[in-house]
Amino acid sequence: MKFLIVFVALFAVALAAPAAPEAQILRSESDVGPESFKYDWETSDGQAAQAAGQLKNIGSENEAISVTGSYRFVADDGVTYEVQYIADENGFQPQGAHLPVAPLA
């Protein structure tokens, strides 16, 4: 019986805890075409992302999409992290101050 009372009390405390405020959209823009796209958004909790993509070598067997962009977020430790990237036929290539860099060979 004591276990049930403790469990119910802890459950009530968990339900009464204030929830994190829901993020609001501060900016949201996009433009999508048949051979390109771009988007840009930001929320009130510090998250943001932007990217632009373009088809390359249209109509050939080497047709590919090339995307450049970045994203930003606030981690659980309170630090804001930002990643800039290129994604193309050579793969995903991120860069950021917090990301490790391979040593030169």
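The values are calculated or read from the model by the stated rules, or taken from the named source; none is laboratory data. Quick caveat, the model's predicted, so the values are computed rather than measured. Cβ sites come from the backbone with ideal geometry, for glycine too, and all protein chains shown count toward neighbours. For accessibility, only protein heavy atoms count, side chains too; no ligands or nucleic acids. Shrake-Rupley method; radii C 1.70, N 1.55, O 1.52, S 1.80 Å.
Observations on the structure shown:
- Total residues in the stretch 59-71, condition surrounded by 11 or more Cβ atoms within 10 Å (Cβ to Cβ) and either under 15 Å from GLY91 (Cβ atoms) or over 28 Å from the mean Cα position of the chain (by Cα) (or both): 6
- Within the stretch 73-84, being open to solvent by less than 70 Å² (accessible area, probe 1.4 Å) and under 14 Å from ALA23 (Cβ atoms) holds for one residue alone: VAL74.
- The set of residues from the stretch 34-65 being free of Cβ contacts under 8 Å to residues at least 24 places away in the same chain and not in a strand (DSSP E or B) comprises PRO34, GLU35, SER44, ASN57, ILE58, GLY59, SER60, GLU61, GLU63.
- Among the residues listed as PRO34, PRO18, the single one being more than 30 Å from VAL67 (Cα to Cα) and either modelled with pLDDT of 65 or more or open to solvent by 100 Å² or more (accessible area, probe 1.4 Å) (or both): PRO18
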